[in-house]
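To keep things clear, I will list the structure first and then write my remarks on it.
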Amino acid sequence: MKKWWLLLLLVIATGCAAGEAAGPAEIDPSVDSCALCHMGIQQVEAASQVIMDDGTPEKFDDIGCMLTYMKENETNQAFVQDYHTQKWVDFEEAYIVHEPRMETPMNYGFIAFQKKVDAEEFVAVNGGEVYEGMEVMNAELQRGNMQH
């Protein structure tokens, strides 16, 4: 009888865990490519990703590619790389800098920071505009000159 209760508790716990949001997936530059532009993800520090409702990650080589994708698709969660630490940051909690002259993989000119002070310091030196999380969805998504 105790085994059945234990099994029941295990099934319930597994079901509850299945509903939790997944964390960011690791980027493998030798395999991964951008879900939007299909370019290989070579600059991991510029990568971003969304997690779909079924837990599948969609990876991007540039935050601008991710933003374009998010405007057209329902997503569960999104992550960006902190420009200084290269650690994953929840997109909604990140501070996104947009400086169109900045070179990013697809030349959208977006970089992310976990801390607002880091974003503001970057802008003070390099120019640009700071957005808090989802505010950046209102930014103009225009690619700069590509030189591939």
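The values are calculated or read from the model by the stated rules, or taken from the named source; none is laboratory data. These numbers were taken from a predicted model, which means no experiment stands behind them. Cβ sites come from the backbone with ideal geometry, for glycine too, and all protein chains shown count toward neighbours.
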Report summary line: Restricting region 41-56 to residues that are surrounded by 14 or more Cβ atoms within 10 Å (Cβ to Cβ) and out of contact with any Phe, Trp or Tyr (no Cβ under 9 Å at 6 or more places or on another chain), the one modelled with the lowest pLDDT turns out to be V44
Report summary line: Given (1) over 15 Å from G23 (Cα atoms); (2) part of a strand (DSSP E or B), Q81 misses just (1)
Report task. Scan region 80-95 and give yes if some residue there is under 18 Å from D32 (Cβ atoms), buried (at least 19 other Cβ atoms within 10 Å of the Cβ), β-branched (V, I, T) and at pLDDT 95 or above, otherwise no. Result -> yes
Report summary line: Scanning region 33-65 residue by residue, those out of contact with any helix residue (DSSP H, G or I) (no Cβ under 6 Å at 6 or more places or on another chain) and in a strand (DSSP E or B) turn out to be S33, G40, Q49, V50, I51, P57, E58, K59
Query raised in the report: Among the residues of region 2-24, is there at least one that is closer than 23 Å to P105 by Cα and either at pLDDT 95 or above or of a type outside the set (S, T, N, Q) (or both)?
Result: yes
Query - Enumeration of residues in region 121-134 that are in contact (Cβ under 8 Å) with a residue 24 or more places away in the chain, of a type outside the set (A, V, I, L, M, F, W, C) and either surrounded by fewer than 19 Cβ atoms within 10 Å (Cβ to Cβ) or under 21 Å from I41 (Cα atoms) (or both) - result: N126, G127, E129, E132, G133
